[in-house]
Amino acid sequence: MERSGGAGLAVRRSRHNALSSGSASGHGNRREDNGGSDRKTRSRGLVFGAGVPAVLLLYVLGMRGLVHLSLRQLVTPGARSSGFNATTARVYLEHITAIDSRTVGSPANEILTVNYLFDKIKEIEKKSNKVHKVTVDIQRPTGSFSIDFLGGFTSYYDNITNIAVKLEPSRGAQHAVLANCHFDSVANTPGASDDAVSCAVMLEILSSLSSTSVSLKHAIIFLFNGAEENILQGSHGFITQHQWAKLVRAFINLEAAGVGGKELVFQTGPENPWLVQAYSAAAVHPFASVVAQEVFQSGIIPSDTDFRIYRDFGNIPGIDLAFIENGYIYHTKYDTADRIHMDSIQRAGDNILGVLRYLASSPLLADSSEFRHGNLIFFDVSGMFVFSYPARIGAIVNYVIAAITLFYLSKKTIKYRRAGINYARDLMVGLFISVTSWISALVTVLILAVLVSHTGSSLSWYTHFYVAVCLYGAAAVAKIILMHTMAKTFYFGSMSRPYLGDLFFDVSLLSWGIPMMLLTQKGLCSAYFFAMWVIFPLVTKLFAEQESVHQGSSYRYIAVYLLGLFFPYLHTTYHVWAVFEMFTPIFGRSGTEIPPDVVMASFLVICSIILMTCFVKFVYLVKSTKTIMFLLAAVSAVTFILVCCGVFFPYSASMESPKPKRIFLQHTTRTIHNLDGDVVKRDSGIWINTFDYTGIAHLTPHIPELNDTVRAPCDAAPFCGFPWYFPVHLLIRKNWYIPAPPPPVSEDINFKLESKEETPWGAIRLNFEVKGPSHITVYIRPHETCLLSSWSLGDGIPISGSGGEHFIYYSHGLHAPAWKFWIEVKGSTGDHHGIVTVAAASHYFFGENQHSPELDSLLQRFPNWSFPSSWVSSYKQYMY
């Protein structure tokens, strides 16, 4: 080959396209057998081989420590705002949770909690400064709406309870910001984090703001809504019916997906960037991410909040905050006040007080619609401050980064072409090898996950997260290194290590740049995440070449390289840790149909790819990767054996950090009527649902009669003939039914067809009257030749879930008249099988009807690492 001057190495091409190229900088060429330069290169390779793995390991561990500190840090000393008193808020919290379970319709929720909140608000009103005006209103709305959550269903509520408090200047105000919490809880839980702590925080904020001598510009409405756990009924009642709703220009919703910790801003808008800017300016301890927002709004998390109601039914922009730490005990008996740290309460109070005060004084609030101009990219930097900019600016920045990267790669391609090297081809080959390594790692890890699932060892990492990292993470990293080592040995065998290191650095730019452009084209703000992994390493590389640090010590080169990756690596690890903090507990309530190990394995492969992409170049720079591959493979193999042997039990009964298995039990009586109204079937038993993939495998040794011989069949009836409380039957297909005597119920549901008439437009109208407990679910299945065309619920247009069945969720407050509604069915009326099947289920969540001797006896036999939630119900099916 032809020689050229400079400090590099010569280029040689074989018949098999094996190349030996210049140094990482691309300067000139010189044959590999030339003395000094080649010896220096070989020496550096030996240093890399000996020291790089240790250096990278220290870097990763150090970064993990920084991230853990950032996520765990709750309140920075000296940074607290002066107005919020966490001690007083904790007193409120302890009093609310002392009332215990606050189910809608129960005296605990409708009387005790309402009276306590009302009394405290009146005390605050008496102490308020004269520059403020405090008005309290107890609202008891009735209404109906449809929602596409959980596949789609319709909700009807009657006489539920909201407490609304308006804090405004003494002269009054025409505009308001809304702060929302809910004081009700799910059955059988104290609901400290979800959502009593938010209501306690709001009480103290109301006290703090009302006692100051500084008047607000706008009003603040504090809504203590009493029916959020009934799938967002309380917020709907306020925003569609309350007289103050028309004043609201923006809102802050306080929620929980975990118990304490840092509250995450995971939804904003829609398209009101000034709200994020307000949060950025006023929050003392920010924790916000547009990535979390886009993940949540994608629907992959089976949850929703009042944010949806205010957005969809009120057309109001807002901010959604939620505690995400320790979701293992969310919606369980362990969600108690003592588990929420004072620092967590102080932090939430500081942030929300600051943001509410800022919004109530902002001139932008008066007509927030004028500032609705697209999305905003936002993220906090280790909890210190929020960095934000408009999405359209982000798109421009991403295109500029793409242009710079393309120019850089084009310039390098031209330079190598002059030396006789087809760099563009090598770049595409390198990208192909990288993608192949990702796919190979994913396939390998998914095989492990499937094997673990089939051996009945799912969720072994639920209590011990490090098990998932050792099992799936180690295997993924080992497979990626193996694929690149094979490529280095068998395809790039005669190429110099510096050239390959340089090549795979550029491959990493492509690996990040391509998804950056795809997400930018789709208008997703998360594209910024990939842009950071392009621009920071590229600037570092150009700086390193300019300073020629690669010509000196290898450790100096590594130091500069790692320094350039510091921010994107820290930011990425920060997000990765938050993702696992939120998602790992969700696998304990994600249903029986989604294999959690497959999902967790996929997560870990994706995280391994993200965190390794910029370090793959070191595989080509080190002399050997055998040791690290062997260690990683050994860790994965040993962990796999231990997992399959059942060494790691999924659940924990530790009172310091419980991780329980969730089980729902209903002692129910089922009654089936034919077209003539005669009872054709009646049975009773305890219907059992588990909320995770392991089913009853771990429960059978403790309760032998609970085994697969009592697996509940899906009958040819609406929702399989069982009293589903939520329409989650597609997520929880496996359930069990143990025969038992009928539960003692003092007053059962009364479901009556009042009249049946034919309308002028050819439909059959059925008028129903229902009287029963505070929670009733109705299921409607039109027959094959018929269609449910209209009803008196929601907006009048029936919404159906999968299979064409309709789910209606009904609840009422302490007292309510009989529920009356009608449906219209179009279709054949001469069929002996009727036109529609309607079933109604009653749910007794409190009072004497909640329990039965058989249910209480069975509950005592459940192990202490489980959380069984139980109640009595009934199911009655009719055909018309």
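The values are calculated or read from the model by the stated rules, or taken from the named source; none is laboratory data. Every value quoted in this text rests on a predicted model; they were computed, and no experiment measured them. Every residue, glycine as well, gets a Cβ built from its backbone with ideal geometry; the counts of neighbours run over all protein chains shown. Note: accessible area is taken over every heavy atom of the protein model, side chains too, but ligands, DNA and RNA are not part of it. Shrake-Rupley method; radii C 1.70, N 1.55, O 1.52, S 1.80 Å.
Within straight-line reach of residue 626, meaning a Cα separation under 27 Å, sit the following lysines at least 8 residues removed in sequence or on another chain: 40, 479, 488, 617.
Around residue 743, under 15 Å between beta carbons, what's the net of Lys plus Arg minus Asp minus Glu among the other residues? Kindly include the intermediate steps, with their values, before the conclusion.
Details: positive: 670, 682, 876; negative: 683, 747, 748, 848, 854, 856.
Around residue 743, the charge tally is -3.
Taking 4.7 Å between C-beta atoms as the pairing limit, the chain has these partnerless cysteines: 470, 525, 607, 614, 644, 645, 786.
With respect to the chain, whose longest principal axis is taken over its alpha-carbon atoms, helix 86-98 is tilted by about 50°.
Computed log10 I(q)/I(0) for region 687-799 at 0.19, 0.21, 0.24 Å⁻¹: -1.20, -1.32, -1.48, from the Debye equation with unit scatterers placed on every C-alpha and solvent omitted.
First select every other residue whose beta carbon is under 15 angstrom from the beta carbon of residue 125; then total the charges, Lys and Arg +1, Asp and Glu -1. Please report the intermediate quantities before stating the final value.
Values: positive: 120, 122, 126, 127, 130, 133, 166; negative: 119, 123, 137, 168, 204.
It works out to a net charge of +2.
How would you classify the chain from its alpha-carbon gyration tensor, with a ≥ b ≥ c the square roots of the eigenvalues: rounded for a/c under 1.5, else prolate if a/b is greater than b/c, otherwise oblate? Here the chain falls in the prolate category. The simple Förster model, with R0 at 56 Å and r as the Cβ-Cβ distance, assigns residue 246 and residue 567 a FRET efficiency of 0.80. The calculated FRET efficiency for residue 859 paired with residue 415, based on their beta-carbon distance and R0 = 56 Å, is about 0.15.
What number comes out for accessible area per residue over region 697-739 if the probe is 1.4 Å? Units Å², please. The partial results should precede the final answer.
On the way: 1970 Å² over 43 residues.
For region 697-739, the per-residue accessible area is 46 Å².
Enter the angle in degrees (range 0 to 90, nearest 10) between the Cα long axis of helix 114-127 and the first principal axis of the Cα atoms of the chain, meaning the one along which they spread out most. Computed tilt is about 70 degrees.
Of all accessible surface on region 746-880 at a 1.4 Å probe, what whole percent is carbon and sulfur? Mind showing how you got there, number by number?
Working: 2780 of 5580 Å².
Within region 746-880, the accessible surface is 50 percent carbon and sulfur.
In the chain, helices alone account for a calculated mean residue ellipticity at 222 nm of -13000 deg cm²/dmol, with every DSSP H run of four or more residues adding -39,500 (n - 2.57). Within a straight-line Cα-Cα reach of under 19 Å, residue 333 can be paired with the following lysines, leaving aside sequence neighbours fewer than 8 residues apart in one chain: 659, 661.
Could you tell me which of rounded, prolate or oblate describes region 107-169, using a ≥ b ≥ c as the square roots of the eigenvalues of the alpha-carbon gyration tensor, with rounded for a/c under 1.5 and, failing that, prolate when a/b is larger than b/c and oblate otherwise? Taking the square roots of the gyration eigenvalues as a ≥ b ≥ c, region 107-169 is prolate. Entry comment: accessible area of region 197-352 is 24 Å² per residue, from protein heavy atoms only and a probe of 1.4 Å. A prolate overall shape is assigned to region 241-380, the ratio a/c of its alpha-carbon gyration tensor axes (a ≥ b ≥ c) being 1.5 or greater and a/b exceeding b/c.
In terms of solvent-accessible area of protein heavy atoms at a 1.4 angstrom probe, what is the ranking of 522, 130, highest value first? Kindly include the intermediate steps, with their values, before the conclusion.
Details: 522 155, 130 180 Å².
Of 522, 130, the descending order of accessible area is 130, 522.
Among the listed pairs 681/752; 262/522; 122/166; 681/876; 166/262, give every one whose C-alpha distance is greater than 22 Å. As for pairs spanning more than 22 Å Cα to Cα, those are 262/522; 166/262.
What order do you get for 173-184, 629-640, 215-226 when each peptide is scored by the mean count of other beta carbon atoms within 10 Å, highest first?
Numbers: 173-184: 25.6, 629-640: 17.3, 215-226: 23.9.
Listed from highest to lowest mean packing, they are 173-184, 215-226, 629-640.
Here the 3J(HN,Hα) profile of region 159-173, calculated from phi with Karplus coefficients 6.51, -1.76 and 1.60 at θ = phi - 60°, is 6, 6, 10, 10, 10, 10, 10, 10, 9, 9, x, 4, 7, x, 8 Hz, Gly and Pro shown as x.
Diffusion of region 525-684 by Stokes-Einstein, at 10 °C in a medium of 1.306 mPa s and with Rh set to the Kirkwood radius over alpha-carbon pairs, works out to 75 µm²/s.
Protection proxy ranking, highest mean first, for peptides 88-98, 673-683: 88-98, 673-683, where packing is the per-residue count of other beta-carbon atoms within 10 Å, averaged. Computed from Cα atoms, the angle from the helix 497-521 axis to the main principal axis of the chain rounds to 30 degrees.
Around the amide H of residue 387, modelled in the peptide plane, lie the amide H atoms of 379, 380, 381, all under 5 Å away and 5 or more residues distant in sequence or on another chain. Considering only 655, 530, 573, the residue lying farthest towards the positive end of the dipole of region 516-657 is 530, judged by Cα position with unit charges set on Cβ.
How charged is the neighbourhood of residue 380? Take every other residue with its Cβ under 14 Å from the Cβ of residue 380, and add Lys/Arg as +1 and Asp/Glu as -1.
Values: positive: 262, 347; negative: 263.
Overall, the nearby charge balance is +1.
Sorted by packing (mean other beta-carbon atoms within 10 Å per residue), highest first, where do 339-347, 110-118 land? Mind showing how you got there, number by number?
Numbers: 339-347: 21.9, 110-118: 18.7.
Highest-to-lowest ranking by the protection proxy: 339-347, 110-118.
Calculate what fraction, in whole %, of the accessible area of region 403-557 sits on carbon and sulfur atoms when a 1.4 Å probe is rolled over the protein chains.
Numbers: 4600 of 6360 Å².
Carbon with sulfur: 72 percent of the solvent-accessible area.
Put a dot 7 Å past the Cα of residue 212, heading toward its Cβ, do the same for residue 756, and the two dots end up 6.5 nm apart.
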